[in-house]
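Asker: One structure, pasted below without further comment.
Please treat every number below as a calculation from the coordinates, not as lab data. Keep in mind it's a predicted model, so treat the numbers as computed, not measured. Counting neighbours? That spans all protein chains shown, and the Cβs are built from the backbone with ideal geometry, glycine included.
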Amino acid sequence: MFKIALLPGDGIGVEVTNSAVQVIKTAAKLYNVDVEFKECLIGGCSYEANGTPLTDETIKICYESDAVFLGAVGGYKWESLPHNLKPEAALLKLRKSLGLYTNIRPAKIYQPLVDSSSLKKEVLEGVDFVVFRELTGGIYFGEPRGFDDERGFNTMVYTKEEVERIARMAFKIARERNNKVTSVDKANVLEVSQFWRNIVHQVHKEFSDVELNDMYVDNCAMQIVRNPKQFDVILTSNLFGDILSDIAGMITGSLGMLPSASLGNKYALYEPVHGSAPDIAGQNKANPLAAISSVAMMFNFSFNMKQTSDVIEQAINKTLDNGYRTVDLMSEGCKLVSTTEMTEAVIKNFKEIFLKQD
Ligand code: NAD
């Protein structure tokens, strides 16, 4: 029995979570596992109901779950609220409460979308790597921080434990992939990066079967657009990962295609990278594939069902190959579909691929 906390949130978060749930239910039926959903409010809808974007009750339900699925939060209506009541404040608090110190974002090319990227087809074909971004430390949280009339300052700081735990996770997952980790830093300029590099190399001794390379962050940004095929797992700090994961995500095409996982020692949260898209919310236009691909990550990382995860990814690929496109992906000669039509098509292909495998 897998317990899943469902946090649809606001705007298209609700629509794509609905798609995710249908795929999870299909997977549970095909692979004979029980799932139990507990749905709670987060973001603007929680503010409307409870006066806060994240209640203790929602956090408690997440603590009691094997995995958390989040849609998206935010909307025009809540933009002028004080910072701590804004829907987005709920995300930071939730990640912190669940101790999610690693954010994983894949950069993977779906062959039928190879022409929608700004990069050339020959550079892109076969690209499949993941960015491991440290999520709860580094310059975004370091003290002292602040500014006055004369200067502004932040502190980039990492402890040994913070680097060790994400490095271990990256090496472990590299073993299940192509066995290669590229640790990205700025050790030629920053002492904190030299420290990061030293610790990564110490942890590597436990994983000597995995190939490890170091790369400076400026070079890595260039290499991602020059020759992205060289990467398997990119391991990096909070600030560098924030930037590199966006570059890596966009080489693959639309925002509606990008899934993510945030993992800690005990809890895991899965969410599409996109926001609540208030401009198309409630119109059945949202691309559900980032949410469905996040479900694939959930089956892989939280439920240890890699095969199920792979079949969901194959079903997405087949649906795109059949020419189905939501409005954000639409191109000439393809079939424009709604959120629900795209979801139904993925589920149909999921069942077909599963039966063929059997
Ligand atoms: P957004 O990702 O919501 O939308 C950016 C653009 O991409 C919009 O034109 C939107 O229509 C389109 N888009 C996004 N996802 C799509 C999908 N699945 N299918 C089709 N089109 C899609 O970013 P934004 O407009 O900057 O932010 C809107 C709200 O979402 C804000 O309140 C913002 O703070 C919030 N936000 C939340 C999260 C999150 O919940 N994790 C992330 C980013 C932004």
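Asker: Per 20 Å bin, what is the whole-percent P(r) computed from every C-alpha pair distance within the chain?
Answerer: Whole-percent P(r) values from 0 Å outward: 29, 60, 11, 0.
Asker: In Å³ and rounded to a whole number, note down the convex hull volume per residue for the Cα atoms of region 200-313. Before the final figure, lay out the partial values.
Answerer: Numbers: hull volume 17.7 nm³, N = 114.
Output value, Cα hull per residue: 156 Å³.
Asker: Kindly work out what percent of the DSSP beta bridges joining two residues of the chain are antiparallel, to the nearest 5.
Answerer: 40
Asker: Next question. Which value, to two decimals, describes the C-alpha radius of gyration of region 286-328 once divided by 2.2 N^0.38 Å?
Answerer: For region 286-328, the normalised Cα radius of gyration is 1.21.
Asker: Taking the Cα centre of region 248-358 as the origin and placing charges on Cβ (Lys, Arg +1; Asp, Glu -1), which of PRO278, LEU258, MET330 is farthest toward the positive end of the dipole?
Answerer: Farthest towards the positive end: LEU258.
Asker: Hey, another quick one. Dipole of the chain (Lys/Arg Cβ +1, Asp/Glu Cβ -1, origin at the Cα centre): which of PRO112, THR55, LEU289 lies farthest to the positive side?
Answerer: PRO112
Asker: When the dipole is taken about the Cα centre of region 117-252, and only Lys, Arg (+1) and Asp, Glu (-1) are charged at their Cβ, what size is it in debye, to the nearest 20? Don't skip to the end; give the middle numbers.
Answerer: Values: 17 positive and 22 negative charges, 93 e Å.
Charge dipole of region 117-252: 440 debye, to the nearest 20.
Asker: Let me ask you something else. Sum -39500 (n - 2.57) across every DSSP H segment of at least 4 residues in the chain, then divide by the residue count to get the 222 nm mean residue ellipticity, nearest 500.
Answerer: It comes out at -13000 deg cm²/dmol, rounded to the nearest 500.
Asker: Kindly provide the GluC sites (Glu not before Pro) of region 311-357 that DSSP labels as loop, not H, G, I, E or B, and whose Cβ sees at most 13 other Cβ atoms within 10 Å.
Answerer: Values: sites: GLU313, GLU332, GLU341, GLU344, GLU352; in loops: GLU332.
For GluC sites (Glu not before Pro) across region 311-357 that sit outside H, G, I, E and B with at most 13 neighbouring Cβ atoms in 10 Å, the list reads GLU332.
Asker: In debye to the nearest 20, how big a dipole does the chain give about its Cα centre with +1 on each Lys and Arg Cβ and -1 on each Asp and Glu Cβ? Write down the numbers at each step before the final one.
Answerer: Details: 38 positive and 46 negative charges, 129 e Å.
My answer is approximately 620 debye.
Asker: Given Cβ point charges of +1 (Lys, Arg) and -1 (Asp, Glu) and nothing else, what value in debye, to the nearest 20, does the dipole of region 53-120 about its Cα centre take?
Answerer: 280
Asker: So which GluC sites (Glu not before Pro) in region 131-233 end up in coil per DSSP with only 13 or fewer other C-beta atoms within 10 Å?
Answerer: Loop-located and lightly packed - GLU150, GLU176.
Asker: At 25 °C and a viscosity of 0.890 mPa s, what translational diffusion coefficient does Stokes-Einstein give for region 155-198, taking Rh as the Kirkwood radius over Cα pairs? Give it in µm²/s as a whole number.
Answerer: 217
Asker: Please work out the C-alpha center-to-center distance from region 169-238 to region 244-263 and express it in whole Å.
Answerer: 18
Asker: Here's a follow-up. Which of GLN307, SER237, VAL181 sits farthest toward the positive end of the charge dipole of the chain, with +1 on the Cβ of Lys and Arg and -1 on the Cβ of Asp and Glu?
Answerer: Comparing the listed Cα positions along the dipole, GLN307 ranks first.
Asker: Additional query: log10 I(q)/I(0), Debye, Cα-only region 117-252, no solvent, q = 0.13, 0.16, 0.19 Å⁻¹?
Answerer: Log-scaled intensity ratios, in q order: -0.56, -0.81, -1.07.
Asker: Follow-up. Please give the Cα centre distance for region 1-20 versus region 308-327, rounded to the nearest Å.
Answerer: 20
Asker: Another question about this same structure. Show me the three semi-axes of the equivalent ellipsoid for region 101-194, from the C-alpha gyration tensor (sqrt of 5 times each eigenvalue), largest first, rounded to whole Å.
Answerer: Calculated on Cα positions only, the semi-axes equal 33, 19, 12 Å.
Asker: Across the chain, where is the longest run that never hits trypsin sites (Lys or Arg not before Pro) in a DSSP loop with at most 16 other C-beta atoms within 10 Å?
Answerer: Free of exposed loop sites, the longest segment is 1-119.
Asker: Once both labels are modelled 7 Å past Cα along the beta-carbon direction, what's the GLU122-GLU36 spacing in nm?
Answerer: Label at GLU122, label at GLU36, 5.6 nm between them.
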